[in-house]
1. How many residues does the stretch 44-69 contain that are hydroxyl-bearing (Ser, Thr, Tyr) and either assigned to a loop (DSSP other than H, G, I, E, B) or at pLDDT 95 or above (or both)?
2. Among residues belonging to the stretch 94-122 that are assigned to a loop (DSSP other than H, G, I, E, B) and β-branched (Val, Ile, Thr), point out the one that is farthest from Val64 (Cα to Cα).
3. Quick one: how many residues across the stretch 98-111 are within 11 Å of the chain's Cα centre (by Cα) and either in contact (Cβ under 8 Å) with a residue 24 or more places away in the chain or within 15 Å of Ala21 (Cα to Cα) (or both)?
4. Against the conditions (1) in contact (Cβ under 8 Å) with a residue 12 or more places away in the chain; (2) acidic (Asp, Glu); (3) in a helix (DSSP H, G or I), where does Glu18 fall short? Just the number, please.
Amino acid sequence: MDKRDIVVVDDQPSICKEIVAFLKDDYTVHAFLTGKDALAYMSEHPADLVILDYEMPNMTGYEVMMAIRLNQSIGNTPVIFLTSWTKERMRQEMMGRGATDFLCKPVTKAELRECVKNNLLN
C-alpha cells in the first residue's frame, strides 16, 4: 500500500526537518518553507493532509488554509495548525474557519503522530 502524502509548511527549516523525521516512517512528507511553494506543489500533487505554521512571512498559515479551502480540487484536505500561538481564542478561531486540528509547539513525536492518524481517518 502506498504511503499517504503529507505537506508541511513552516518557515523554520529546523521545524520542517523535525516534522519530517517524526512522520517519514509512515508517510510521504513534503516540506516547504513558504505557503506559495506548498500551494504550487499541491496544485499538481494533492496531499492527504497539510500541517501549517500560522505565523510566516509573506503568506500566513491562515492565508494558505483559505487558498486550500477555495480550491475545488483540494478544498477538503485536512489542515492541522502547528504553531507557537497558545491562546485558546486562536485555536477556536482557526477551527471555526476550517482547520481540522490545532497543536502547539513544541510538539512531541507521539502527539503529532496521533493527531495525523486521527485526521487521516476522517
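The values are calculated or read from the model by the stated rules, or taken from the named source; none is laboratory data. On a predicted model such as this, the values are computed, not experimentally measured, just so you know. FYI the Cβ positions are ideal-geometry reconstructions off the backbone, even for glycines, and counts take in every protein chain you see.
1. Residues in the stretch 44-69 being hydroxyl-bearing (Ser, Thr, Tyr) and either assigned to a loop (DSSP other than H, G, I, E, B) or at pLDDT 95 or above (or both): 2 in total.
2. Initially, the stretch 94-122 is screened for residues assigned to a loop (DSSP other than H, G, I, E, B), giving 97-100, 105-108, 122.
Pick out the ones that are also β-branched (Val, Ile, Thr) and you get 100, 107-108.
Details: Thr100: 14, Val107: 21, Thr108: 24 Å.
Ranking the qualifying residues of the stretch 94-122, first place goes to Thr108.
3. Applying the first criterion (within 11 Å of the chain's Cα centre (by Cα)) to the stretch 98-111 yields 99-103.
From what is left, the residues that are either in contact (Cβ under 8 Å) with a residue 24 or more places away in the chain or within 15 Å of Ala21 (Cα to Cα) (or both) are 99.
So the count comes out to 1.
4. Tallying (1) in contact (Cβ under 8 Å) with a residue 12 or more places away in the chain; (2) acidic (Asp, Glu); (3) in a helix (DSSP H, G or I), Glu18 fails exactly one: (1).
Let's see how each residue does on (1) touching an Asp or Glu at 6+ places or on another chain (Cβ under 9 Å); (2) loosely packed, with under 15 Cβ neighbours inside 10 Å; (3) of a type in the set (D, E, K, R):
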{"residue": "Arg4", "(1), (2), (3)": "yes, no, yes"}
{"residue": "Val9", "(1), (2), (3)": "yes, no, no"}
{"residue": "Pro13", "(1), (2), (3)": "no, yes, no"}
{"residue": "Leu33", "(1), (2), (3)": "yes, no, no"}
{"residue": "Met42", "(1), (2), (3)": "no, no, no"}
{"residue": "Tyr62", "(1), (2), (3)": "yes, no, no"}
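A quick yes/no check of all residues on (1) within 19 Å of Val7 (Cβ to Cβ); (2) in contact with a helix residue (DSSP H, G or I) (Cβ under 6 Å, 6 or more places away or on another chain); (3) modelled with pLDDT of 90 or more:
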{"site": "Thr86", "(1), (2), (3)": "no, no, no"}
{"site": "Met94", "(1), (2), (3)": "yes, no, no"}
{"site": "Ala99", "(1), (2), (3)": "yes, no, yes"}
{"site": "Phe102", "(1), (2), (3)": "yes, yes, yes"}
{"site": "Val107", "(1), (2), (3)": "yes, no, yes"}
{"site": "Ala110", "(1), (2), (3)": "no, no, yes"}
{"site": "Lys117", "(1), (2), (3)": "yes, no, yes"}
